[in-house]
Amino acid sequence: MSFPKIAITAGEPAGIGPDILLMAAQRAWPAELVAIADPNMLRQRALALNLPIDIQVYGADSAPKEQQPGTLKVCPVMLAPPAIAGVLTTANAAYVLETLQQAIQGCVSGEYQAMVTGPVQKSVINEAGIPFTGHTEFLAQQTGTDKVVMMLATNELRVALATTHLALKDVPAAITTELLHQTLGILHHDLRNKFGIDAPRIAVLGLNPHTGEDGNIGREEVETLVPVIESLRRAGMNLLGPLPADTAFNPKVLNNCDAVFAMYHDQGLPVLKYSGFGRAINITLGLPIIRTSVDHGTALDQAQTGMADCSSLEQAITIACQLCNK
C-alpha cells in the first residue's frame with residue numbers, strides 16, 4: 001500500500017506548535033509525517049511534556065511508511081537561539097519562514113504530497129523586519145500563485161472568503177467583479193477537484209446588512225454581486241444568494257450547500273469557530289499543492305504546560321490525508 005508523505009511545520013517555536021505536533025505523533029497515521037523543525041527543540045519539549053518520542057532523521061530517498069505511534073521523522077532546520085516556551089524572539093523569525101519554504105519547495109517538487117502548518121506569530125515576524133501578512137499570502141507568493149482562497153472547515157461546515165486579512169474599511173472597494181469571478185471560480189474548482197464534489201452548491205453571502213435592501217443600504221449587491229452570481233450560474237455554477245449573513249447560517253441553507261462564501265474574514269468565521277472551535281482547520285484553495293492548517297494561534301501561555309489541545313492539528317492531518325487520496 002502506498003502512503004502519502006506529509007510535511008508538517010511546527011510554527012512559532014515559543015508557542016504550542018511543537019507541543020501539538022508531538023501530541024499528534026503519539027498515534028498512528030495512514031501517512032508518513034515529516035516534521036520540518038529543530039530536532040533538539042522537539043526533544044527538549046517532549047521531555048518537558050513527558051511525551052515519549054523517537055526522533056528519526058528524515059531521508060528523502062526512503063519509501064514512505066505508515067506513521068507509527070511515538071515516532072517522528074524530522075527534516076532538520078536549526079533555531080538561532082534555543083526556543084523558550086512562551087517567550088518570543090525576533091531572532092527565530094527567519095527560522096519559522098525557512099521551515100515554511102522547505103515544506104513548500106518539497107510539495108512543489110513532489111517530494112511531499114501535502115503540507116500541514118502549525119500556528120505562527122505574525123507580529124514577531126514583522127518586528128524582525130520581514131513583511132508577513134499570513135500563511136495564505138506567503139504560500140501564494142512562494143508558489144507563484146496569482147490568487148488563492150482561504151477556506152476554514154469543520155466536519156459540518158465549510159466557509160470560504162472573498163477577502164482575507166484586510167481592514168474592514170477596505171473591504172467594499174475590494175469586492176470587484178474580477179475578484180468574485182476569481183475566488184468563486186477557485187472555490188468551485190477545488191470543491192470538485194480536491195474534495196471530489198461533482199456539482200458543488202455554494203451559498204454566497206451579501207456584503208451589506210439585509211443584502212443592501214435593493215440598494216438602500218449599500219449598492220454592492222445590486223451593482224456587483226447579483227450580476228456576478230447570475231453570470232456564473234449561466235456558466236454552470238450552482239450558486240445560492242446573495243443571502244443576508246445574519247440568517248444564512250441555518251439548517252435550511254446549510255443542509256443544501258457544500259460551502260458558504262463570505263465577503264470578509266469576520267463575516268463568516270465567527271460562526272464557524274463558534275460551532276467548531278478546536279476542530280476547525282484552514283485550507284488554502286487555488287494552490288498547486290495541498291495545504292491544511294490549524295485554525296488557532298500560538299497560545300504562548302499554554303506552551304510547554306501540557307494544556308494544549310491537538311484536535312485541530314489532528315483534523316488538519318486527517319483532511320490532508322484524505323485530499324492526498326482523492
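For the pair ASN126 and VAL87 in one chain, pulling the backbone fully straight at 0.36 nm per residue adds 12.4 nm over the alpha carbon distance.
The number of Lys pairs in the chain with C-alpha atoms less than 16 Å apart, excluding pairs fewer than 8 positions apart on the same chain, is 5. Just check the range 239-326 against the gyration tensor rule for me: Cα atoms, a ≥ b ≥ c as the square roots of the eigenvalues, rounded for a/c under 1.5, and otherwise prolate or oblate depending on whether a/b exceeds b/c. Oblate is the answer for the range 239-326, as a/c is 1.5 or above yet b/c matches or exceeds a/b.
Per residue, the chain reaches -10000 deg cm²/dmol at 222 nm when only DSSP H runs of four or more residues are counted, each adding -39500 (n - 2.57). Under the convention that each Lys and Arg Cβ holds +1 and each Asp and Glu Cβ holds -1, the size of the dipole of the range 157-303 around its Cα centre is about 520 debye. Shown for the range 242-326: the carbon plus sulfur share of the solvent-accessible area, taken with all protein chains present and a 1.4 angstrom probe, equals 51%.
Each label point was placed 7 Å from the Cα along the Cα-to-Cβ direction; for GLN141 and LEU300 their separation is 2.2 nm.
Once the C-beta distance of MET307 and VAL108 is scaled by a Förster radius of 35 Å, the resulting FRET efficiency is 0.45 to the nearest 0.05.
If one takes the longest principal axis of the Cα atoms in the chain, at what angle in degrees, from 0 to 90 and to the nearest 10, does the Cα axis of helix 311-324 lie? Here the helix axis deviates by roughly 80 degrees. Using only side-chain charges placed at the Cβ, +1 for Lys and Arg and -1 for Asp and Glu, the dipole size of the chain relative to its Cα centre rounds to 600 debye.
Of the listed residues MET78, MET307, the order by accessible area with a 1.4 Å probe, largest first, is MET307, MET78.
Compared with the dominant principal axis of the Cα atoms in the chain, helix 93-109 is inclined by about 70°.
Solvent-accessible surface (1.4 Å probe) assigned to ARG201 amounts to roughly 80 Å².
If you take all other residues with their beta carbon under 11 Å from the beta carbon of VAL222, and give Lys and Arg +1 and Asp and Glu -1, the sum is -4. Counting only protein heavy atoms and a 1.4 Å probe, the chain has 43 square angstrom of accessible area per residue. The order of THR136, THR90 by accessible area, most exposed first and with a 1.4 Å probe, is THR90, THR136. Using Cα atoms only, what is the angle between the long axis of helix 39-49 and the major principal axis of the chain, expressed in degrees (0 to 90) to the nearest 10? The answer is roughly 90 degrees.
The values are calculated or read from the model by the stated rules, or taken from the named source; none is laboratory data. Just so it is clear, the structure is predicted and the values come from calculations on it, not from any experiment. Backbone-built Cβ (ideal geometry, glycine too); neighbour counts: all protein chains shown. For accessibility, only protein heavy atoms count, side chains too; no ligands or nucleic acids. Shrake-Rupley method; radii C 1.70, N 1.55, O 1.52, S 1.80 Å.
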